[in-house]
Amino acid sequence: MTNDTLLWETRAFVYGHFADTTHAPSVDETAHHFNINVEEAGELYKELHNRHSFFLEPETLTIRMANPFSGIPTDFKVHANGKTYFANCAWDMLGIPAALHCDAVIEAICTESNETVQLEIRDGKVTNSELLVHFPLPFARWYDDLVFT
């Protein structure tokens, strides 16, 4: 059984690292930060993945998603605090400014039309658009295929 305090500190570290750097920390960086060995850090990553705190690339210890942050480039770019973050989907592109408590400009490619859409978030609100977002699956089914969803 994992030490819950260290588990949740690891989760906070991962999210803080994303916020500070725009990318996920490696398991090595996490091990170094907590002064633990890589195997221990890997077990923490696996447990956080199992608890849906973040999503690992299959068969690896590489963080693919720590919602709303994406560990890989996507069609959902969020420009905030002088940095460019990648979101996993339309839902998460709105979640990044909310998580960071900041204004943002979002550039997204519409899946249906392949057109670029730009949104501005100011004071927690979309200020320049009447667009709607469609979610093809209900939230309860997102983990059926999280990468597709």
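Quick note: the coordinates plus some simple rules give every number you see, no bench work behind them. Please read all numbers here as calculations on a predicted model, not as lab measurements. Neighbour counts run over all protein chains shown; Cβ positions are idealised from the backbone, glycine included.
Only one of the numbered conditions (1) of a type outside the set (A, V, I, L, M, F, W, C); (2) closer than 30 Å to THR116 by Cβ; (3) in contact with a Lys or Arg (Cβ under 8 Å, 6 or more places away or on another chain) is not met by SER53, and that is (2). When GLU120 is tested against (1) surrounded by fewer than 20 Cβ atoms within 10 Å (Cβ to Cβ); (2) within 18 Å of the chain's Cα centre (by Cα), just one condition goes unmet, and that condition is (2). Testing ILE36 on (1) assigned to a loop (DSSP other than H, G, I, E, B); (2) within 21 Å of THR84 (Cα to Cα), one condition comes back false. Which one is that? Failed condition: (2).
Scanning the stretch 69-81 for residues that are in a loop (DSSP other than H, G, I, E, B) and free of Cβ contacts under 8 Å to residues at least 40 places away in the same chain, we see that the one that is farthest from ASP20 (Cα to Cα) is ASP75.
Of the residues that make up the stretch 10-26, is at least one touching a His at 6+ places or on another chain (Cβ under 6 Å), part of a loop (DSSP other than H, G, I, E, B) and buried (at least 17 other Cβ atoms within 10 Å of the Cβ)? Checked the stretch 10-26: at least one residue is touching a His at 6+ places or on another chain (Cβ under 6 Å), part of a loop (DSSP other than H, G, I, E, B) and buried (at least 17 other Cβ atoms within 10 Å of the Cβ). In the stretch 82-103 there is at least one residue matching the filter, namely being hydrophobic (A, V, I, L, M, F, W, C) and in a strand (DSSP E or B).
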